[in-house]
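For reference, the structure is listed below as structure tokens.
The values are calculated or read from the model by the stated rules, or taken from the named source; none is laboratory data. For clarity, every value in this text was computed on a predicted model and none was experimentally measured. With ideal geometry, Cβ positions are generated from the backbone for all residues, glycine too; neighbour counts draw on all protein chains shown. The protein model used for the area step is the full one, side chains on, heavy atoms only, and it has no ligands, DNA or RNA in it. Shrake-Rupley method; radii C 1.70, N 1.55, O 1.52, S 1.80 Å.
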Amino acid sequence: MALFNRNNGGREDEILASDVATRALSVTAVETDFVAGVYEKLASVYDYIFGPTLHAGRLQALQRMAIASDDRILEVGVGTGINLTLYPRDCSVTGVDLSDSMLEKAYEKIEKNRLLNVRLQQMDASALTFPDDSFDIVYAPYLISVVPDPVQVALEMRRVCRPGGRIIILNHFRSPNPIMSWGERLISPFTVHVGFKSDLDLPAFLAQADLRPVSIEKVNIPRLWSLVTCIKD
């Protein structure tokens, strides 16, 4: 997928690059306490609302990870642990989340399915406490559009990923279609109450987070979500 239009490296390219590097990602601002409150309320119903409808994207993300035996995986925003049973048992999975209620649901899944390769920690995604280069794969499923500072979260994901490792982001981003984009901006202040900003700008996010994707794919039905795969250089 082409992120930006190129015109033979002229002045228009420079203006466009500058624009995406500085423009606001969304019309909607949220605070950490607000995000935590939303997901405390959603914990008991999250799997029913966002389970089957978004599952195809989760499966495709697992394919793009190309998980090898003994890989160290970090899932940022593990939530209720809806992904945990999808991982191979011969890899090591660490899940972090800010919400107590979401983590309680994830712990239940670990116990029920005897997932001995999984550990959970309560943590702010924008200030991960892991050392640099700690993981082979860092994955954020349906998270980036709700956190207060998406760029800081992505920078932390990049920091804790080893060189040559994969950074996978599964998320809804604003449509390039002008009419749909206008509508997504209009409803974004309301969609945050059910867990996401509807108008997050993908090109600006990638530029500001210094991420260079090797692939961007549309997933789920309808195809309103994007699966972004990056390799840390």
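Every residue, every condition in (1) hydrophobic (A, V, I, L, M, F, W, C); (2) under 17 Å from Gly51 (Cβ atoms); (3) out of contact with any His (no Cβ under 6 Å at 6 or more places or on another chain), yes or no:
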position: Asp71; (1), (2), (3): no, no, yes
position: Leu86; (1), (2), (3): yes, yes, yes
position: Cys91; (1), (2), (3): yes, no, yes
position: Asp100; (1), (2), (3): no, no, yes
position: Asn113; (1), (2), (3): no, yes, yes
position: Asn117; (1), (2), (3): no, no, yes
position: Met123; (1), (2), (3): yes, no, yes
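Per the conditions (1) closer than 25 Å to Asp233 by Cα; (2) open to solvent by 10 Å² or more (accessible area, probe 1.4 Å); (3) in a helix (DSSP H, G or I), the sole criterion not satisfied by Val153 is (2).
Scanning the range 92-115 for residues that are hydrophobic (A, V, I, L, M, F, W, C) and open to solvent by 20 Å² or more (accessible area, probe 1.4 Å) returns Leu98, Ile110. Name, by its number, the condition in (1) within 21 Å of Ala43 (Cα to Cα); (2) surrounded by 19 or more Cβ atoms within 10 Å (Cβ to Cβ); (3) of a type in the set (Asp, Glu) that does not hold for Asp136. (1) is the only condition that Asp136 fails. Between Leu200, Leu170, Leu227, Leu128, the distinction of being open to solvent by less than 20 Å² (accessible area, probe 1.4 Å), in contact with a His (Cβ under 9 Å, 6 or more places away or on another chain) and outside any helix (DSSP H, G or I) belongs to Leu200 only.
The residue of the range 49-75 that is most open to solvent (accessible area, probe 1.4 Å), among those that are part of a helix (DSSP H, G or I) and under 15 Å from Asn117 (Cβ atoms), is Leu62. Look at (1) modelled with pLDDT under 95; (2) outside any loop (DSSP other than H, G, I, E, B); (3) touching a helix residue (DSSP H, G or I) at 6+ places or on another chain (Cβ under 9 Å); (4) not basic (Lys, Arg) and you find that Thr28 fails only one, number (2).
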